[in-house]
Amino acid sequence: MIKINENYLKLPGSYLFSAIAKKVKAYQEAHPEADIIRLGIGDVTLPLAPSVIKALHEAVDEMGQAETFHGYAPDLGYSFLREEIAKKDYQDRGCSIQADEIFISDGAKCDCGNIQELFDETARIAVCDPVYPVYVDSNVMAGRTGEYDEAAGKWSNVIYLPCTAENHFVPQLPDEKPDLIYLCNPNNPTGTTLTREQLKVWVDYANANDAVILYDAAYEAYITEEDVPHSIYELEGARTCAIEFRSFSKNAGFTGVRLAFTVIPKDLKSGEASLHDMWARRHGTKYNGAPYIQQKAAMAVYTEEGRKEVKQQVSYYMRNARTIYDGLKEAGYQVAGGVNSPYVWLHTGDMTSWEFFDHLLEDANVVGTPGSGFGPSGEHYFRLTGFGTYENTVEAVRRIQNLKK
Ligand SMILES: Cc1ncc(COP(=O)(O)O)c(C=O)c1O
């Protein structure tokens, strides 16, 4: 027998979005006349900003000339981009992060999934519940999560931090001590946030308990409120306990272009071992650098014109999120998110998340995402996103409101 990584076999089947796609397909086949509106997606829909397109074209042309051709990129990223990020995303916000602490990659998903390689196989993880599934599944593959209890929807060796309306979606410090704490702020799927003060509690806790915070800020561009931090490094003490993940996917529509970065401060150590150096070593061994073309395109996001354009795109999605939030609230739903995030998280009342999914699909022809797919505390919740068109969003909200009439 071939010796395989049996941890993969522990992963529960049926990935959430394929289960949704199957149901929608079956419904559409049975009702070809139905005009289905999809507000379940976490993918952007607007085309790339003109500045980004221009930069992409220029970079492509450079690749066609011997004098300006670029082969393998530096493993950790071109210094032009690392310096721009360090200055504009961090130093201009008062965060002491240097260019050589930034690692360019082709996606926050890969980085969030791969980062666990730096830690011992006995390291215990803590995750918010509900959660972006990558954090848990990548640790399942590494054999760190114990056994899956299907009825409870939980892994025996994972510390779950429930985030529900009861605690205002703010995770409480756990009784058991984790080694790795995954925090996503603004949160996917709930769309809610931790304020600077609430995040500081976790930074202090991590420093006091030798834990590392794996901080996913993929939705940073959607923050509108003053007291929500754009980076964990705005908080004192974060340099010794936190790794931050950022992406160009949601702030600039790069989901199909692929570019992201991870920040590991040089102060983050386990004894003498530097996590920064370990990640640099990993990148050097397993990654051959994000393409020059993409990195040039990312530079356009930081120009005055580019910034203006991507901000408009984010505002477009946020207007949709606001439309959903206000419309559902008006219809009597309990809703969260939508203020610093493109995600709106609503309570489904007596219906389970999947019952509500069927109800919305069949009676309003609107598709969303059942909250229970993100973890047991997501049961009786449902995610709608602002990533559709404005017209479809308005129409979907109108249909959902009509269901209550
Ligand atoms: C919380 C979170 N992190 C990371 C990602 C993935 O980002 P990327 O497109 O850079 O891989 C997503 C994508 O939906 C996300 O929701």
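Of all residues in segment 107-117, which are surrounded by fewer than 23 Cβ atoms within 10 Å (Cβ to Cβ) and within 16 Å of the ligand (Cβ to nearest atom)? First the steps, then the outcome.
We begin by selecting, within segment 107-117, every residue surrounded by fewer than 23 Cβ atoms within 10 Å (Cβ to Cβ); these are 107, 109-110, 113-117.
Scanning segment 107-117 gives 107, 109, 110, 113, 114, 115, 116.
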(message) Looking at residue 279 and the list (1) of a type outside the set (Gly, Ala, Ser); (2) within 22 Å of the chain's Cα centre (by Cα); (3) under 28 Å from residue 169 (Cα atoms), which single condition is not satisfied?
(response) (3)
(message) Given (1) within 16 Å of the ligand (Cβ to nearest atom); (2) in contact with a helix residue (DSSP H, G or I) (Cβ under 7 Å, 6 or more places away or on another chain); (3) touching a residue at least 40 places away in the same chain (Cβ under 8 Å); (4) closer than 20 Å to residue 215 by Cα, identify the lone condition not met by residue 46.
(response) (4)
(request) Could you pull out the residue among 146, 77, 153 that is buried (at least 17 other Cβ atoms within 10 Å of the Cβ) and within 27 Å of residue 190 (Cα to Cα)? (result) 153
(request) Please verify whether segment 246-261 includes one or more residues that are in contact with a helix residue (DSSP H, G or I) (Cβ under 7 Å, 6 or more places away or on another chain), away from the ligand (no atom under 16 Å from the Cβ) and not β-branched (Val, Ile, Thr). (result) no
(request) Could you run through segment 90-106 and say how many residues are more than 18 Å from residue 268 (Cβ to Cβ) and either surrounded by 21 or more Cβ atoms within 10 Å (Cβ to Cβ) or free of Cβ contacts under 8 Å to residues at least 12 places away in the same chain (or both)? (result) 3
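Looking at segment 262-278 only, could you name the residues that are part of a strand (DSSP E or B) and within 21 Å of residue 184 (Cα to Cα)?
Within segment 262-278, 262, 263 qualify.
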(request) Among the strands (runs of 3 or more DSSP E) lying completely within segment 133-225, list those that include at least 1 residues that are within 24 Å of residue 334 (Cα to Cα) and within 13 Å of the ligand (Cβ to nearest atom). (result) 180-184
(request) May I ask you to list the residues in segment 347-385 that are part of a loop (DSSP other than H, G, I, E, B) and hydrophobic (A, V, I, L, M, F, W, C)? (result) 351
(request) Please find, among 308, 296, the residue that is in a helix (DSSP H, G or I), surrounded by 15 or more Cβ atoms within 10 Å (Cβ to Cβ) and more than 16 Å from the ligand (Cβ to nearest atom). (result) 296
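Is there a residue being closer than 30 Å to residue 5 by Cα, more than 15 Å from the ligand (Cβ to nearest atom) and not basic (Lys, Arg) anywhere in segment 21-30?
Yes, the conditions are met somewhere in segment 21-30.
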(request) May I ask you to verify whether residue 388 is surrounded by fewer than 17 Cβ atoms within 10 Å (Cβ to Cβ), among the small types (Gly, Ala, Ser) and outside any helix (DSSP H, G or I)? (result) no
(request) Determine, yes or no, whether residue 60 is within 15 Å of the ligand (Cβ to nearest atom) and among the aliphatic types (A, V, I, L, M). (result) no
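Quick note: the coordinates plus some simple rules give every number you see, no bench work behind them. Every value quoted in this text rests on a predicted model; they were computed, and no experiment measured them. Every residue, glycine as well, gets a Cβ built from its backbone with ideal geometry; the counts of neighbours run over all protein chains shown.
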